[in-house]
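Notes for the one structure printed next.
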Amino acid sequence: MKAVRTGVREWIATNDRGAVVKIGDPKAQDVFSPGELLQLAAATCAGLSIDHRLTHALGEDIHVSLEVQPESVKGENRYGAIDTVFSLDLSSLSGEELERLLEKVYEAIERSCTVKRTLDATAESRHQFIDEPLGGLTAE
């Protein structure tokens, strides 16, 4: 992955598969802030981790949405927790089936969600600066 500065507090990030995301100040329009991307990474990683379990239990066409609810730590400019609330129709399941499904999805998140496992282990964020003129380098 790489990112290129495109303006004041604005970057465009790309990956080798052609995805593009605009990152910028939380007050700017049409961008995600780094904090929002972190929250979405945690939430959608869990969603990807449970997709097979949900479709197996509820069908391939199950509609699922999620909402991220970060818990900020006052005065520390960080999150104490990132809560994800999944919304989906579970009415076709019996109480026992629902209990089994929830057990399986929580296990899948714990086992498969790299972002959650990384956050839970408190990964370091390291930075390095090199003297390399970039000229007309673009994110594309």
**Coil-residue GluC sites (Glu not before Pro) of segment 32-81, DSSP, other Cβ within 10 Å capped at 12** = 60, 76
**Asked** Within segment 68-140, which trypsin sites (Lys or Arg not before Pro) sit in a loop by DSSP and count at most 14 neighbouring Cβ atoms inside 10 Å?
**Response** 74, 126
**Message:** Testing the spin-label approximation: label points 7 Å from Cα along Cα→Cβ at residue 86 and residue 130. State their distance in nm.
**Reply:** 4.1
**Request:** Work out, step by step, the length gained on full extension between residue 28 and residue 48: first 0.36 nm times the residue separation, then minus their alpha carbon distance; give nm to one decimal.
**Result:** 4.4 nm
**Sorted largest first, extent of the chain alpha carbons per principal axis (Å)** = 61, 37, 28
**Greater than 26 Å apart at Cα, pairs in 74/104; 74/116; 2/116; 2/104** = 74/104; 2/104
**Message:** Between segment 44-91 and segment 110-125, what is the separation of their alpha carbon centroids in Å?
**Reply:** 15
**Prompt:** What 222 nm value per residue comes from the helices of the chain, counting each DSSP H run with n ≥ 4 as -39,500 (n - 2.57) and dividing by all residues, nearest 500 deg cm²/dmol?
**Reply:** -12000 deg cm²/dmol
**Request:** Using a Förster distance of 35 angstrom, determine the FRET efficiency expected from the C-beta separation of residue 37 and residue 93, and round it to 0.05.
**Result:** 0.60
**Complete:** GNM of the chain, Cα pairs under 10 angstrom: of 52, 127, 63, the biggest fluctuation goes to 127
**Potential lengthening between residue 6 and residue 110 on full extension [0.36 nm per residue; Cα-Cα distance subtracted]** = 33.7 nm
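Read-outs throughout are calculated quantities, based only on the coordinates presented, and are distinct from any laboratory measurement. Worth saying up front: this structure is predicted, and the values here are computed from it rather than measured. Here the Cβ is made from the backbone with ideal geometry for all residues, glycine too, and neighbour counts use every protein chain on show.
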